[in-house]
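Mind looking over this structure? Questions follow.
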Amino acid sequence: DLIRHGSDALLRMTLRKPPNLRSNDEIDFIYSELMHIKALAHLSTTIKRQLAGCILLESHNVGGTVLFNQGDEGTSWFIILKGSVNVVIYGKGIVCSLHEGDDFGKLALVNDAPRAASIILREPCHLLRVDKDDFNRILKDVEANTVRLKELGMDVLILEKIQQPFSKEQRGDKNAKSYRYSVMAGTAEKVLEYILDSRLDEANQHLQDTLLEDYLLTYIFFISTELLCQNLLMYYNSRARPSAGGEAAKNRMLLNRRHVVAFVMCWYEIDAEIMFQKAGVREFLKTLSDSVYADSSQYDLKTEVNTMESLTQACDGYYEEMAAAKLTVSSDSSKSEDLGRPIRPSDETIVKVFSGTVDPTYTAVRVSAETRAEVILKLATKKQPSSESGFVLVEIKSNGEYKLFKDEEMSVESNISVNGRLFCCTKDQLAHLNPLPEQQGPNEPSGKILETISSRELAYHSTMYDWSLFRNVHESELIHYVLGRQTGITNNLDRLVTRHSQISWWVATEICLTSSQGKRVHLIKKFIKAAQHCKEFKNLFGYMAITMGLANTAVTRLSQTFEKLPAKFKKLLKEFESFNEPSRNHRASRYLFSTINKAPVIPFIPLITKDITFAHEGNKTLLDDHLVNFDKMHMVADILRIVRFCKSEEMDLPIPPMEKPHEYNMAAYFRGLRVIDNQRRLMQLSFKKEQKKY
Ligand code: CMP
């Protein structure tokens, strides 16, 4: 003990020497002592030796000393050699204590952000200190890759150091390296705090970093909108402890307030429509706006007052518009107009709910997109004298299969297959329900209209309609799609997904309904060319849908027809096959997508829904039951960003000239494509056209 005590005293004495006066022996001695320090254990010997040349001792004799305040600029990194400190956060108080061997203060240095907490000594302390310049020179690149922050004894934030993508100014400089701590996991509240602390300073705006955007794109996974708003207000109002330094504390308050407003502005920019739709957001904006206004007498918040004013106005405008123009969407797609805007939760539509096992009749009910299945069921069965209990809402598909709806599901109307119909019945009746004759689809091909238009016109009109559906799909619908239909509406995405199969069925239907072999050959050539045009228009969605239709076995088995196809077309068909090859995770399709670097694009929607399902099912949302797994959120956000990128420019194709003059309403034709979506029926038709070859 005596020896230990002696060497501690000797170390302190040596460390007090200014670095430039330290002899080699002294540096060796410091180095050998640094070997025993927990906070440095992960560093290499070279780094420790470099540190020995510059590390300083800072001794404090009085407990209660404030080492630095939350919001201060970070100038050093510290290791506790002896003693202990409290970590204090405005509005929370002491969140944890750190002891001998622990370190603190590198967040501000690595992130170039203000101090995330105040540090107050609990007793007299000996601290080791590395100043910013030395830290940057020796440690910034090699410093620990993960940092765990605790509050009340629990991990609340796990950070991972990542290399920042270079900003434009830095790109020329080969040595410029910029690191930052990004979030691996954390509680929803702490991550929000961390973002508000470190990602909203104007000085940091040039840094390319997606943390804030990722949070806004994915928060529905882990926090309710109400709670998010509450936390923002809490952060906004968190006060400095009265004892905390006057100027610094006041400055911190000002920054907190500015950061909350900047955060809300980013939220609005990500998607105003979806933000305003959320319950409680309107009240939140009003409350925040009032607070900012009230505070502007004390703080410099002029810009923020204006921002909040325009946000509340935009929100009011949204509600006024919604009340005035509640839309009725026709469930018959051939009649429904292009809304020019996404379907909203309150938009209404009339749905037919059939009942009865022989000669079913229907009840028409008026429902909104967010009406839940149980409510539709109630509305539909009310008129029936029999008891309500035991009724279920189902979709009967054209092939006779059925799909049950769960009570809490929304977007029922859009979640039906192409020729599917809604039925309500008792559980006993389920097995006896039959599709309606109208579900079988057309008996005649489209004929003249398809014969008249060129493949380019076909691709053009189809693309314009696909685009009108795609641009209305909101990213959050993809999240509801994987989280479950009780979490939010998915009407716009549903329509697009249904559209994909509708196009595929349509291609197969038209071919199988066409009697003359010559006309079939002609039609197949037209579809192949149209698929090529879709690709050229960067409508990968249409390209995939058409090629999938051509790959339907009812089509591919028509070998005599295919024999008549010119070699050039056969070659194209071969190429298509590789795209419909699901092996190796659709590598061909992904490759094609990766070659496109300019929007607008209509992406391969089935791949996007598949990827997001994979990201969701393969990764837990919560780690240890309370930390949001941000790796997953980054992954999901990356997929959502693909969708954003695809939509970032308006589709503006020149109208192709008519090959033969005609007066068909092409737009209406493509909206209302009539198809057979029953594979068995298609096969029967196909067999009628060509018998099996023996
Ligand atoms: P920095 O932001 O530079 O300064 C305050 C330091 O407190 C911070 O780095 C962390 O190293 C440390 N700290 C420890 N626990 C927490 C916590 N729960 N929240 C924020 N900072 C913490």
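Of the numbered conditions (1) crowded, with 21+ Cβ neighbours inside 10 Å; (2) in contact with a Phe, Trp or Tyr (Cβ under 9 Å, 6 or more places away or on another chain); (3) part of a loop (DSSP other than H, G, I, E, B), residue 411 satisfies every one except a single condition; which is it?
Just one mismatch for residue 411, condition (2).
Could you grab me the full set of residues in the range 399-440 that are charged (D, E, K, R) and within 20 Å of residue 375 (Cα to Cα)? Full working, then the answer.
Of the residues in the range 399-440, the ones charged (D, E, K, R) are 401, 403, 406-409, 413, 421, 427-428, 438.
Those that are charged (D, E, K, R) and within 20 Å of residue 375 (Cα to Cα): 403, 406, 407, 408, 409, 413, 421, 427.
Are any residues in the range 618-634 over 13 Å from residue 158 (Cα atoms) and touching a helix residue (DSSP H, G or I) at 6+ places or on another chain (Cβ under 8 Å), and if so, which ones?
619, 620, 621, 632, 633, 634 - these are the residues of the range 618-634 that are over 13 Å from residue 158 (Cα atoms) and touching a helix residue (DSSP H, G or I) at 6+ places or on another chain (Cβ under 8 Å).
Follow-up question, since we're still on this one. Quick one: which helices (runs of 4 or more DSSP H) sit completely within the range 531-608 and have at least 3 residues that are at pLDDT below 95 and closer than 24 Å to residue 493 by Cα? Break it down stepwise before answering.
Working: elements: 540-550, 553-556, 559-563, 567-579, 583-594.
In the range 531-608, 583-594 are the helices (runs of 4 or more DSSP H) which contain 3 or more residues that are at pLDDT below 95 and closer than 24 Å to residue 493 by Cα.
Next question. So in the range 65-104, with the set limited to residues that are modelled with pLDDT of 95 or more and of a type in the set (Gly, Ala, Ser), which one is farthest from residue 251 (Cα to Cα)?
That would be 83.
Another question about this same structure. State all residues of the range 109-135 that are basic (Lys, Arg) and away from the ligand (no atom under 12 Å from the Cβ); if no residue qualifies, say none. Lay out the reasoning, then the answer.
Filtering the range 109-135 for residues basic (Lys, Arg) gives 115, 122, 129, 132.
If the condition is that a residue be basic (Lys, Arg) and away from the ligand (no atom under 12 Å from the Cβ), then 122, 129 are the ones that fit.
Could I ask something else about it? As an exercise: evaluate residue 376 against (1) over 31 Å from the mean Cα position of the chain (by Cα); (2) crowded, with 20+ Cβ neighbours inside 10 Å; (3) in a helix (DSSP H, G or I) and give the number of the one condition it does not meet.
(1)
May I pose another question? Take the residues in the range 1-30 that are over 18 Å from residue 100 (Cα atoms) and among the hydroxyl-bearing types (Ser, Thr, Tyr); name whichever of them is farthest from the chain's Cα centre (by Cα).
23
Pick from 590, 644, 674: which is open to solvent by 50 Å² or more (accessible area, probe 1.4 Å) and within 30 Å of residue 440 (Cβ to Cβ)? Reasoning before the result, please.
Working: 590 fails: within 30 Å of residue 440 (Cβ to Cβ); 644 fails: within 30 Å of residue 440 (Cβ to Cβ).
Exactly one residue qualifies, and that residue is 674.
Turning to a different aspect of this structure: Please indicate, with yes or no, whether at least one residue in the range 159-168 is at pLDDT below 90, under 27 Å from residue 250 (Cβ atoms) and more than 10 Å from the ligand (Cβ to nearest atom).
There is no residue in the range 159-168 that is at pLDDT below 90, under 27 Å from residue 250 (Cβ atoms) and more than 10 Å from the ligand (Cβ to nearest atom).
Would you confirm whether or not the range 427-446 contains a residue that is open to solvent by 40 Å² or more (accessible area, probe 1.4 Å) and aliphatic (A, V, I, L, M)?
yes
Strands (runs of 3 or more DSSP E) wholly in the range 21-108 with at least 1 residues that are away from the ligand (no atom under 16 Å from the Cβ) - which ones?
On the way: elements: 56-60, 66-68, 76-82, 85-89, 93-98.
Once the strands (runs of 3 or more DSSP E) in the range 21-108 are filtered for at least 1 residues that are away from the ligand (no atom under 16 Å from the Cβ), what remains is 56-60, 76-82.
A further question follows. Which condition number in (1) touching a strand residue (DSSP E or B) at 6+ places or on another chain (Cβ under 6 Å); (2) open to solvent by 30 Å² or more (accessible area, probe 1.4 Å) is the one that residue 629 fails?
So the condition that residue 629 fails would be (2).
Now a separate question. I want to confirm something. Restricting to the range 463-482 and keeping residues that are farther than 17 Å from residue 647 by Cα and not aromatic (Phe, Trp, Tyr), which single residue is surrounded by the fewest Cβ atoms within 10 Å (Cβ to Cβ)? Before the answer, list the steps.
First pass over the range 463-482, keeping only residues farther than 17 Å from residue 647 by Cα: 479-482.
Checking the rest, the ones that are also not aromatic (Phe, Trp, Tyr) come to 479-480, 482.
Working: 479: 21, 480: 19, 482: 16.
Taking the candidates together, the pick is 482.
Residue-wise test of (1) modelled with pLDDT under 90; (2) assigned to a loop (DSSP other than H, G, I, E, B); (3) among the acidic types (Asp, Glu); (4) more than 34 Å from the chain's Cα centre (by Cα).
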| position | (1), (2), (3), (4) |
| --- | --- |
| 380 | no, no, no, yes |
| 407 | no, yes, yes, no |
| 443 | no, yes, no, yes |
| 446 | no, yes, no, yes |
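Residues that are surrounded by 14 or more Cβ atoms within 10 Å (Cβ to Cβ) and over 18 Å from residue 79 (Cβ atoms): does the range 24-44 have at least one? Don't jump to the end; show me each part of the working.
At the first step, the residues of the range 24-44 found to be surrounded by 14 or more Cβ atoms within 10 Å (Cβ to Cβ) are 26-27, 29-31, 33-34, 37, 39-40, 43.
Cutting the leftovers down to over 18 Å from residue 79 (Cβ atoms) gives us 26.
There is at least one residue in the range 24-44 that is surrounded by 14 or more Cβ atoms within 10 Å (Cβ to Cβ) and over 18 Å from residue 79 (Cβ atoms).
Can you tell me which residue among 305, 264 is surrounded by 20 or more Cβ atoms within 10 Å (Cβ to Cβ) and in a helix (DSSP H, G or I)? Talk me through it step by step, then tell me what you get.
Numbers: 305 fails: surrounded by 20 or more Cβ atoms within 10 Å (Cβ to Cβ).
None of the other options fit; the residue is 264.
Another question about this same structure. Please enumerate the residues belonging to the range 188-203 that are more than 10 Å from the ligand (Cβ to nearest atom) and open to solvent by less than 20 Å² (accessible area, probe 1.4 Å).
The first filter runs over the range 188-203 and keeps only residues more than 10 Å from the ligand (Cβ to nearest atom), leaving 188-189, 191-192, 195-196, 199-203.
188, 191, 192, 195, 196, 199, 200, listed by residue number.
Scan the range 96-116 for residues that are farther than 14 Å from residue 194 by Cα and in contact (Cβ under 8 Å) with a residue 60 or more places away in the chain and report the count.
Qualifying residue count for the region: 3.
Same structure, new question: Taking the stated definitions as given, is residue 138 open to solvent by less than 30 Å² (accessible area, probe 1.4 Å) and within 10 Å of the ligand (Cβ to nearest atom)? Before you say what the answer is, go through the steps one by one.
Working: open to solvent by less than 30 Å² (accessible area, probe 1.4 Å): yes; within 10 Å of the ligand (Cβ to nearest atom): no.
Spelling it out, it is not the case that residue 138 is open to solvent by less than 30 Å² (accessible area, probe 1.4 Å) and within 10 Å of the ligand (Cβ to nearest atom).
Further, regarding this structure: Which condition does residue 297 not pass, out of (1) open to solvent by less than 30 Å² (accessible area, probe 1.4 Å); (2) not in a helix (DSSP H, G or I), if it passes all the others?
(1)
The values are calculated or read from the model by the stated rules, or taken from the named source; none is laboratory data. Since we're looking at a predicted model, the values are computed, not measured. A quick note on method: Cβ atoms are made from the backbone with ideal geometry, for glycine too, and the neighbour counts reach across all protein chains shown. Side chains are part of the model used for accessible areas, which takes the heavy atoms of the whole protein and leaves out ligands, DNA and RNA. Shrake-Rupley method; radii C 1.70, N 1.55, O 1.52, S 1.80 Å.
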